[in-house]
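For reference, the structure discussed in these notes is given below.
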Amino acid sequence: MESDRKPTLGRRGLLLGAAGAGAVAALGTAAPARAAISGFPQFTRLGAALDKSSLDYNPTDELIFPSIRLAAGRVRNPLGKWYMYYAPHDDPGGICLAYADSLEGPWHEYRANPIISRDWRGHFSVPHVSSPHAVWNPDDRRMYLYFHGDNRTTRVATSVDGQHFTYGGVVLHTDMVGAGLHEASYARVFPHPVKDGMHIMLYMGRQGQTRKIFIGWSHDLASGWKFKPEPLISPREGEGGQLSGAHYWGRNGGGHVVYHSGAGTMHAAYVGTSFDREDHLGVFYTEPVATRAAAPSFAEEDGRLYMYYEAGRRGHTNIAIARA
């Protein structure tokens, strides 16, 4: 989770996602989508972060997997206070950047999107790259950007300005996990809640035809990742038979994961700070306009908690903003 205060430790929409984008870029208000889980906040949808019709780079008319990071005081020559990484998913994909001076916008498209394309000379050439997730590392003052392409592979690149990246290699591949995985993507990385210097990676793995949440860990953001072959969270009744887009939730005592379900809603589970539990808690958020919500990214500004997420049916998604 990102904050404008000093930091402390604290697949894109699934095939079964339900219909209708219907969002507009101008911020408006919608009725709060009430969380069914005691102690968790209620979020009110404000609107869409970007107007897809005005973008210079929009090859497939879909925007997914936002990653919000504080840029001011961190990256060199920031374009704005906040950076948002996002991408289309269908071929050719492409990792994109937008920037803003407030979490309520307005957001501005970076002039040279995509910042990472599906062809990186000397490194890879794949049908698409997508699902960016950025991590700021204060130790070397670099932004680490994780992204997938193809669907079996997650890669990392690093940058001092958050705009121009150096390739770092493969950090996750289905062959590194085993467990009969056919996909390993939509990864997000977070500091381990209790082990200093360690990070965890939550990602989607597909076993057979079922997508589940898996976990990995490393003391090095760019290498040395190890992965548990057993899933961390498997779909239960009411979750549409598929899971994706997991985000670690460090509030409420920590040890929670928020994720997208094939039912089109976001759910939460308690896994503990040792990641040895799997208590499904219920619906975390229901999208009030586009009927489907996925891939949340959380950030805090002026004491207010914001959630950016992808909204809408597969192939027609946009980035929506909600506020607690």
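The values are calculated or read from the model by the stated rules, or taken from the named source; none is laboratory data. As the structure is a prediction and not an experimental result, all values here were calculated from the model. So basically every Cβ, Gly included, is an ideal-geometry build from the backbone, and we count neighbours across all protein chains shown. Ligands, DNA and RNA are excluded from the accessible area calculation, which covers all protein heavy atoms including side chains. Shrake-Rupley method; radii C 1.70, N 1.55, O 1.52, S 1.80 Å.
Which of the residues belonging to the range 213-246 are among the charged types (D, E, K, R) and assigned to a loop (DSSP other than H, G, I, E, B)?
Within the range 213-246, Lys228, Glu230, Arg236, Glu237, Glu239 meet the criteria.
For the range 101-142, which positions are farther than 15 Å from Arg155 by Cβ and assigned to a strand (DSSP E or B)?
Result: His108, Glu109, Trp136, Asn137, Arg142.
Residues Thr174, Thr154, Thr158: which one is in contact with a Lys or Arg (Cβ under 6 Å, 6 or more places away or on another chain), under 21 Å from Ser234 (Cβ atoms) and β-branched (Val, Ile, Thr)?
After applying the criteria, what remains is Thr174.
How about the range 105-131: which of its residues are among the acidic types (Asp, Glu) and open to solvent by 60 Å² or more (accessible area, probe 1.4 Å)?
Asp119
Go through the residues of the range 247-262 one by one and say whether even a single one is crowded, with 19+ Cβ neighbours inside 10 Å, in contact with an Asp or Glu (Cβ under 7 Å, 6 or more places away or on another chain) and not in a strand (DSSP E or B).
Yes, that holds for at least one residue.
Looking at the range 186-202 only, could you name the residues that are within 19 Å of Asn137 (Cβ to Cβ) and in a strand (DSSP E or B)?
Ala187, Arg188, Val189, Phe190, Pro191, His199, Ile200, Met201, Leu202
Given Arg314, Arg236, Arg251, which one is at pLDDT below 95 and either closer than 21 Å to Gly205 by Cβ or within 15 Å of the chain's Cα centre (by Cα) (or both)?
The match here is Arg314.
When you scan the range 268-286, do you find a residue that is at pLDDT 95 or above, more than 27 Å from Val194 (Cβ to Cβ) and open to solvent by less than 20 Å² (accessible area, probe 1.4 Å), even just one?
No, because not a single residue in the range 268-286 is at pLDDT 95 or above, more than 27 Å from Val194 (Cβ to Cβ) and open to solvent by less than 20 Å² (accessible area, probe 1.4 Å).
Would you please name the residue that is farthest from Asp61 (Cα to Cα), looking only at residues in the range 268-324 that are of a type in the set (Lys, Arg) and out of contact with any His (no Cβ under 9 Å at 6 or more places or on another chain)?
Arg277
Since Gly224 meets every condition but one in (1) on the phi > 0 side of the Ramachandran plot; (2) open to solvent by 10 Å² or more (accessible area, probe 1.4 Å); (3) touching a Gly at 6+ places or on another chain (Cβ under 9 Å), which condition does it not meet?
The single condition Gly224 does not satisfy is (3).
I'd like the full set of residues that are of a type outside the set (A, V, I, L, M), within 17 Å of Lys212 (Cα to Cα) and in a strand (DSSP E or B), limited to the range 155-181.
His173
Identify the residue in the range 54-72 that is among the hydrophobic types (A, V, I, L, M, F, W, C), open to solvent by less than 10 Å² (accessible area, probe 1.4 Å) and not in a loop (DSSP other than H, G, I, E, B) and, among all such residues, is farthest from Ala299 (Cα to Cα).
Residue satisfying both the conditions and the ranking: Ile64.
Rundown of residues vs (1) modelled with pLDDT of 95 or more; (2) within 19 Å of Ala299 (Cα to Cα); (3) under 19 Å from the mean Cα position of the chain (by Cα), yes/no style:
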residue	(1), (2), (3)
Lys81	yes, yes, no
Tyr86	yes, yes, yes
Ala98	yes, yes, yes
Leu103	yes, yes, yes
Arg121	yes, no, no
Phe124	yes, no, no
Asn137	yes, yes, yes
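Of everything in the range 287-310 that's hydroxyl-bearing (Ser, Thr, Tyr) and open to solvent by 10 Å² or more (accessible area, probe 1.4 Å), which residue is nearest to Gly250 (Cα to Cα)?
Per the stated criteria, the residue is Tyr306.
Cβ-Cβ below 6 Å, separation at least six or inter-chain, first residue in the range 48-68 and closer than 18 Å to Tyr146 by Cβ, second open to solvent by less than 40 Å² (accessible area, probe 1.4 Å) and among the acidic types (Asp, Glu): which pairs?
Cβ pairs passing all conditions: Ile64/Glu310; Ile68/Glu2.
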